[in-house]
Amino acid sequence: MYTGHKFRLYPTNEQKEALDNAFGCSRWYWNYSLELCQKTFQETGKGLTRNKIQSLLPKLKKEHEWLKTDVYSQCLQVVALNLSTAYKNFFEKRSGFPRFKSRKGKQSISYPQNTKIKQDCIHFPKLGDIYCRFTKEVEGEVKMMTISKTPEQKYFVSIGVDDKLDAPHLSSDGKAIGIDVGLLDFCVTSDGSKYNNPKHWNKHYKKLKRRQQKLSKKAKGAEGTSPQALDFKSSEQRGSINRNKARLAVSKVHGKIARCREDFLHKLSRKIVNENQVIAVENLNIKSMVKNHNLAKAINDVGWGMFCTMLKYKSEREGKVYLEVDRFFPSSKTCNKCLHVIDKMPLDIRQWQCPKCEIQHDRDVNAARNIRDEALRILAVGRIATASGDNVRRAVGDISYLTDAIVGE
């Protein structure tokens with residue numbers, strides 16, 4: 001089973017300069033190859049394969065000596081692999097069209113081999129030993145190491161490891177829980193627990209506003225004209241020195257917000273996975289939801305997608321069941337007791353009474369319980385129940401659960 005570990009790196013000043021050059025070479029080769037792929041497609045209607053992109057390297061190294069001296073050769077091979085994978089994901093509709101890389105964002109470079117983990121450092125070709133703060137022991141065969149540099153000038157290494165262990169068998173023997181995410185409360189569970197929305201953006205808004213105001217007043221200086229960013233030396237900063245300092249100050253606030261959000265999501269997802277065996281959430285179309293300009297900032301800040309991703313991979317690692325219920329399932333409008341479905345449920349209604357059984361419901365708790373019940377139904381009878389080729393809604397009456405799943409009230 002493949003796992004990943006991420007640790008903080010502390011390179012020396014000489015190693016930082018070498019890394020900047022390596023980032024620049026990798027970025028230049030990506031942009032050059034992407035531009036060539038686009039031109040080839042416009043002229044011939046066909047793209048370039050991975051082997052064709054890699055075959056460009058010998059000629060490019062003769063024309064540009066820094067491609068041979070400033071970066072490890074295998075790193076450029078990985079760039080061709082990543083570009084071909086990006087095109088494959090685009091054509092299979094898993095991601096957007098590949099974009100040109102910029103010096104202003106996150107920088108990264110990958111080492112597929114010839115790296116070595118030592119006691120308190122990692123050896124990289126052309127860089128030497130870089131001090132690493134290990135927070136856990138890395139066990140298994142190292143497949144790939146990726147060095148990344150954040151906009152706030154911090155360095156990290158991501159280590160892909162194959163531990164040679166089989167994935168655990170999924171079992172539903174245990175407690176089942178449904179989760180309804182929201183903006184007022186970050187999430188509400190089927191057992192009645194409510195977790196407040198931390199609103200990380202609002203906590204750091206004043207500091208971010210002041211630093212962005214200072215950045216807007218700094219001289220911009222000369223800006224690049226080519227989207228390909230053909231200048232490979234990232235140490236040659238564009239713009240004024242004070243503007244770069246102000247940009248770094250803004251990046252640090254954004255980094256603080258991201259770390260606080262990630263820390264909260266990791267702790268909450270770990271708590272839920274540890275306490276439950278079957279975890280059910282609603283499959284939300286977040287990309288369409290953020291088109292609402294009144295809620296876009298709040299939705300992006302809350303991090304629903306990251307939270308569901310954490311729940312999924314943590315559940316799979318421990319042999320637990322993670323299920324996503326269809327977004328069109330009327331979880332909020334259905335009574336959890338008698339399964340009566342009402343016509344409308346505006347967002348401002350947080351408490352409602354079922355007109356059939358007259359039970360008072362908390363909107364979010366009721367939705368979480370319906371999500372849990374629907375997930376258990378899917379586990380019991382399959383994802384789609386059909387009759388004469390048509391989809392059939394869940395029947396009104398008793399619900400047949402899996403015998404080994406425990407419903408937590």
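Values in this text are rule-based calculations from the coordinates and carry no lab data. Here the structure is a predicted model, which is why all the values come from computation and not from measurement. Here Cβ is always computed from backbone atoms with ideal geometry, including for glycine, and neighbour counts include all displayed protein chains.
Just a few scattered comments:
- Put simply, when 157-165, 271-279 are sorted by average Cβ atoms within 10 angstrom per residue, most first, you get 271-279, 157-165.
- From phi via Karplus (6.51, -1.76, 1.60), per-residue ³J(HN,Hα) for segment 93-102 in Hz, x at Gly/Pro: 6, 9, 7, x, 5, x, 10, 5, 8, 10
- Cα long-axis angle, helix 205-216 against the chain (0 to 90 degrees, to the nearest 10): 30
- Counting only alpha carbon atoms, the long axis of helix 13-44 and the longest principal axis of the chain meet at about 80°.
- Cysteines, the chain, no other Cys beta-carbon under 4.7 Å: CYS25, CYS37, CYS75, CYS121, CYS132, CYS187, CYS260, CYS308
- Rounded to 10°, Cα long-axis angle of helix 73-91 versus longest principal axis of the chain: 40
- Cut-off 12 Å between beta-carbons: net charge of the residues surrounding VAL281, Lys and Arg +1, Asp and Glu -1: -2
- Contact order relative to length of segment 2-162, as percent, for alpha carbon pairs under 8 angstrom and 6 or more apart: 34
- Separation of alpha-carbon centers, segment 150-207 and segment 87-111, rounded to whole Å: 24
- Mean Cβ count within 10 Å, highest first, over the residues of peptides 311-317, 338-344: 311-317, 338-344
- Calculated from the structure at hand, Rg and Dmax of the Cα atoms in Å is found among (1) 29.2, 89; (2) 21.4, 80; (3) 25.7, 80 as (3).
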